[in-house]
1. Given the conditions (1) of a type in the set (S, T, Y); (2) buried (at least 24 other Cβ atoms within 10 Å of the Cβ); (3) within 25 Å of A176 (Cβ to Cβ), and given that Y278 satisfies all but one, which numbered condition is not satisfied?
2. Tell me which of these H289 doesn't satisfy, since it passes every other one: (1) closer than 24 Å to D227 by Cα; (2) buried (at least 20 other Cβ atoms within 10 Å of the Cβ); (3) away from ligand 1 (no atom under 16 Å from the Cβ).
3. Counting only residues that are surrounded by fewer than 19 Cβ atoms within 10 Å (Cβ to Cβ), charged (D, E, K, R) and modelled with pLDDT under 95, give me the helices (runs of 4 or more DSSP H) lying completely in region 296-395 with at least 2 of them.
4. With respect to the numbered conditions (1) within 16 Å of the chain's Cα centre (by Cα); (2) of a type in the set (S, T, Y); (3) within 21 Å of H78 (Cα to Cα), which one is the sole condition not fulfilled by S271?
5. What is the number of the single condition among (1) surrounded by fewer than 22 Cβ atoms within 10 Å (Cβ to Cβ); (2) at pLDDT 95 or above; (3) of a type outside the set (G, A, S) that P228 does not meet?
6. Can you list the strands (runs of 3 or more DSSP E) lying wholly within region 130-215 that have 3 or more residues being out of contact with any helix residue (DSSP H, G or I) (no Cβ under 7 Å at 6 or more places or on another chain) and either more than 18 Å from P267 (Cα to Cα) or touching a residue at least 60 places away in the same chain (Cβ under 8 Å) (or both)?
7. Go through region 54-81 residue by residue and tally those that are surrounded by 14 or more Cβ atoms within 10 Å (Cβ to Cβ) and in a loop (DSSP other than H, G, I, E, B).
8. Suppose we filter A203, A185 for residues that are farther than 25 Å from A307 by Cα and within 16 Å of ligand 1 (Cβ to nearest atom); which single one remains?
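The values are calculated or read from the model by the stated rules, or taken from the named source; none is laboratory data. Here the structure is a predicted model, which means the values were calculated and not measured. All Cβ positions, glycine included, derive from the backbone under ideal geometry; neighbour counts span all protein chains shown.
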Amino acid sequence: MAERTTVAVIGAGPAGLLIGAVLAAHAVPFVIVEHRSREHVLSRIRAGVLEQASVDVLERYGLAERLHAEGLVHGGIHLQVEGERTHVDFRALVGRTVTVYGQQQVVLDLMRHHDALGSAVHYSAEDVRPEGIDGDAPVVRFRVDGVDHELRADFVVGADGYHGVCRTLVPDGVLAPAERGYDAAWLGILADVAPSTDELIYALHPEGFAMHSMRSPTVSRLYLQVDPGEDLAQWEDDRIWAALQERLGSPGWTLTPGPITEKSITPMRSSVAATLVYGRLFLAGDAGHIVPPTGAKGLNAAIADVALLGEALAAQARGDDGPLAAYSTTALARQWKIQSFSQYMTELLHVPGPDVARDERAFDYASRVGRLRYVTGSRYAQQSLAEQYTGLAIA
Ligand code: APR
Ligand code: PHB
């Protein structure tokens, strides 16, 4: 089956679906191709904190109605060091807030938006192959229900994540990602229990980092730092709750446990491609960069990319190619600020991993306690943290 469009979008995660919404708002034709089923895309549990800048973007494209009705507006976070809890008040420090709203909910809102628009979104596409991106007539081949498709487009947007096909189309020497790993991983749980806190708690404890987040007034999301090679089978529910209570413990406060409905271990990695453009291919979201989860920047960075790229493609369709030519440079400049913040939050809150020599571990841990106490005691440091946590300007 032969089709023609202006923009072929690979991937229907938040980046792909949102760029479709931006293009639709400007009446730029697009087709989205996703290799998983709609149900699978909706079932993935990911981050849950939206920067104010991200909420503004979703609002601009008419996607914030349910977010405003059901999202939990948080005016700060709690930072904790060895049991001492300090509230970092974003409203007072920078006059901004964040909204707790699961990535799956953002994705569901986007899917409904595309349903209402009648957008072309192909789920469960097999063997997705973008070709000819270094020429001027790219084509995306794929198969749905046994039918071969040939989609011709002027531009291809790679919104297919870190493990997608689009990154692999860029020659190694051009993609040239700057990357690093961390000597820690996160064990995350979702539990059917009301959160034991009003706002998120980030805690540094000698046994490791712990965090109390949430998804709704009845669903809690919590994380524990574990070693990268940790076996999930070793973590019975009772052991998880005991470790969370110990690390998040603070005088006069108790954690209410509840039934755990999901459990997983996620490694931490940072990666930034040297360029987000190769010929007619434009990378956005996780396809271009990933961050460790501390500070919840992955989804927000994807939203910032596609707000820029969608507007740039719309300008191109009107005959102005300036914003599209500037996309990679502009998005990467912002991305490196986000990388720096995510690395800072990660190093601030985690204990050194098992490979660090014993005496260095003791030094590094004490130095992190010192750094965290500096932050909890300094309005200047808190203001900088609050500015970055609630989100830097998009362009
Ligand atoms: N062909 C088509 N689709 C693909 C392919 C492929 N070869 N490879 C991957 N995909 C799809 C995935 O199934 C997924 O639905 O691309 C989508 C990529 O979505 P995400 O991984 O969610 O990435 P992105 O949209 O950039 O969202 C940013 O924020 O919270 C963070 O990392 C988290 O997913 C999150 C991200
Ligand atoms: C989450 O709720 O999943 C979450 C919240 C804050 C973070 C990371 C993850 O920094």
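1. (2)
2. Here H289 clears every test but (3).
3. Hits in region 296-395: 358-377.
4. Exception for S271: condition (3).
5. That leaves (2) as the condition not met.
6. Because the criterion is at least 3 residues that are out of contact with any helix residue (DSSP H, G or I) (no Cβ under 7 Å at 6 or more places or on another chain) and either more than 18 Å from P267 (Cα to Cα) or touching a residue at least 60 places away in the same chain (Cβ under 8 Å) (or both), the strands (runs of 3 or more DSSP E) in region 130-215 that meet it are 139-144, 147-152, 178-191.
7. Adding up the residues that qualify gives 5.
8. On the way: A203 fails: within 16 Å of ligand 1 (Cβ to nearest atom).
Only one candidate passes the filter, namely A185.
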